[in-house]
Amino acid sequence: MSNMKIETKCVQSGYTPGNGEPRQIPIIQSTTFKYATSEAMGQLFDLEASGYFYSRLQNPTCDYVAAKICDLEGGTAAMLTSSGQAANFFAVFNIANNGDHVVSTSAIYGGTYNLFAVTMKRMGVEFTFVSPDCTEEELNAAFRPNTKAVFGETIANPALAVFDFEKFAKAAHAHGVPLIVDNTFATPVNCRPFEHGADIVTHSTTKYMDGHGAAVGGCIVDSGKFDWMAHADKFPGLCTPDDSYHGITYAEKFGLAGAFITKATAQLMRDFGCTPAPQSAFLLNLGLESLHVRMERHCENGQAVAEYLQQHDKIAWVNYAGLPGNKYYDLARKYLPKGTCGVVSFGVKGGRKAAEKFMAALKLCAIETHVADARTCCLHPASATHRQMNDEELIAAGVPGDLVRLSCGLESKDDLIADIAQALEQV
Ligand SMILES: *Cc1c(COP(=O)(O)O)cnc(C)c1O
């Protein structure tokens, strides 16, 4: 499918049934797989032959779906994980270990920030956070001799900053390290980071890819472009023999195309077991089949709602990169010409109290800790995820008390705007 259009890949990539086989991806609900001889199975353990032996490491259903996402992103290898958190953890920990350092933008998902700044720090990996709007000089100054990767999000959740691929890819490659990009909010339908210099892409498939609030999941895709062996001293895990795997050197045995994902599967999935369920992979694939159709509508609704809010006299400000005048409008035009996403954030005049009143008055838009769902949902961080903070702390965290995050679903935009209008009337 690699030369087909993205719409065709969403529907058909990853699984091609043979004569008389199921049209839909079969759910291989089996923990283990049978072999005729111990020797045949031994070959799999030695990574001498490819095949399945235990579903903690690999399962055919999950691999069909990973292959589809791989094709959508234009990569060479991919793996599913049980969550987006696991995907980002694996993608970074696969190359950055105790004593290493990573440069990340500060505009990232709160869960990822905590993973990096608290949990991975405890594991001995240090992070330097730079503003997405930093200058090239500031960015270059963040690197250290032990830096192993650069990390960012195509569209930051919840800041909605658009990633400056050119600036970050240039700095990463000048320092001999890969650029890892979380492409959750854009999806490969609206942006393919490999075309703009990213080397590894991650996803929380829980969001638009699933799209129906049905299954938590994640994915990692490798572009196959980063030359590990050219920087062998920085990446001993890929470029020297793995004693825990029969002395295999991943970058030699699996080359540019396969080394990163094979190592992440053989070591990290083996040891941490953040394995997706075959049933969840099946549900994810149902979402992927309509991703291209849904993204268009999410963006159309996001744009319409953002434009409506912008002219409303009870709204203090609107943040949506599709609005001319937005700080990230030009970057969005450059990297996301088809649209950004359905998530809009805005401030209700009157601050925290007014935002709370507005939220309570909504009828169609549901209050949820979720985004990127078919059903429109919204969150007032100051009274939910960030409720322990006072007004000054909220501003420092980039989530002022009046901020409402609205994730536009697939309903009629007229009904969404009518719901917002009646709720604003009550403020
Ligand atoms: C939700 C999210 C994650 C975490 O994914 P889970 O599937 O909830 O573990 C990571 N990155 C981004 C951008 C997200 O929106």
Considering only protein heavy atoms and a probe of 1.4 Å, how much of the accessible area of the range 6-286 is carbon and sulfur, as a whole percent?
52 percent
What distance in nm separates the two pseudo spin-label positions at Glu136 and Lys363, each 7 Å out from Cα along the beta-carbon direction?
5.5 nm
How many Lys pairs in the range 292-425 lie less than 24 angstrom apart by Cα atoms, where the lysines are 8 or more positions apart or on different chains?
15
Translational diffusion coefficient of the range 273-346 at 4 °C, 1.567 mPa s, Stokes-Einstein with Kirkwood Rh over Cα pairs, in µm²/s as a whole number.
91 µm²/s
Return one whole number: the accessible area per residue of the chain in Å², for a 1.4 Å probe.
41 Å²
Under the 7 Å Cα-to-Cβ spin-label approximation, Phe272 and Arg144 lie apart by a distance in nanometres of 2.1 nm
List the DSSP H helices in the chain whose Cα atoms stretch 27 Å or more along the helix axis and whose mean Kyte-Doolittle hydropathy is at least 0.5.
none
What whole-number volume per residue, in cubic angstrom, does the convex hull of the C-alpha atoms of the range 280-427 give?
123 Å³
If you place +1 on the Cβ of every Lys and Arg and -1 on the Cβ of every Asp and Glu, how big does the dipole about the Cα centre of the range 6-286 come out, in debye to the nearest 20?
540 debye
Among Ser30, Ser13, Ser407, which one moves the most in a GNM of the chain with springs linking Cα atoms closer than 10 Å?
Ser30
Computed FRET efficiency, Cβ-Cβ of Tyr52 and Ser244, R0 22 Å: what is it to the nearest 0.05?
0.60
With all protein chains present, the range 308-374 has a carbon and sulfur share of its accessible area (1.4 Å probe) in percent of 55 percent
Quick check for you: which residues of the range 98-132 have the amide N under 17 Å from the point 7 Å beyond the Cα of Asp330 toward its beta carbon?
132
Which residue, chosen from Pro158, Phe168, Phe226, occupies the Cα position most advanced towards the positive end of the dipole of the chain, where the dipole is computed from +1 (Lys, Arg) and -1 (Asp, Glu) charges on Cβ about the Cα centre?
Pro158
Kindly provide log₁₀ I(q)/I(0) values, in the same order as q = 0.13 Å⁻¹, from the Debye equation applied to equal alpha-carbon scatterers of the chain.
-1.14
In nm, to one decimal, how far is the modelled label at Thr385 from the one at Ala421, with both set 7 Å along Cα→Cβ?
3.0 nm
Between His370, Pro337, His312, whose Cα lies farthest towards the positive end of the dipole of the range 279-396 when Lys and Arg beta carbons carry +1 and Asp and Glu beta carbons carry -1, centred on the Cα centre?
His312
Search the structure for amide H atoms under 5 Å from the amide H of Tyr109, placed 1.01 Å from N in the peptide plane, and list their residues when 5 or more places away or on another chain.
Asn157
Anyone know which of Ile417, Ile200, Ile220 comes out most mobile in the 10 Å Cα GNM of the chain?
Ile417
With +1 on each Lys and Arg Cβ and -1 on each Asp and Glu Cβ, and nothing else charged, work out how big the dipole of the range 222-356 is about its Cα centre, in Debye to the nearest 20.
560 debye
Roughly how far apart, in whole Å, are the Cα centres of the range 330-400 and the range 3-40?
40 Å
Given charges at beta-carbon only (K, R positive; D, E negative), |dipole| of the range 5-51 in Debye:
320 debye
Rank Asp63, Asp233, Asp182 by mean-square fluctuation in a GNM of the chain with C-alpha springs under 10 angstrom and give only the top-ranked residue.
Asp233
Considering only Ile248, Val11, Asn146, whose Cα is most displaced toward the positive end of the charge dipole of the chain, charges sitting on Cβ of Lys, Arg (+1) and Asp, Glu (-1)?
Val11
Calculated FRET efficiency for the pair Asn114/Ile395, C-beta based, R₀ 25 Å, to 0.05:
0.80
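The values are calculated or read from the model by the stated rules, or taken from the named source; none is laboratory data. These figures come from a predicted structure and were not determined experimentally. In this analysis, Cβ positions are derived from the backbone assuming ideal geometry, glycine residues included, and neighbour counts consider all displayed protein chains. Just the protein is used for accessible areas: all its heavy atoms, side chains included, with ligands, DNA and RNA removed. Shrake-Rupley method; radii C 1.70, N 1.55, O 1.52, S 1.80 Å.
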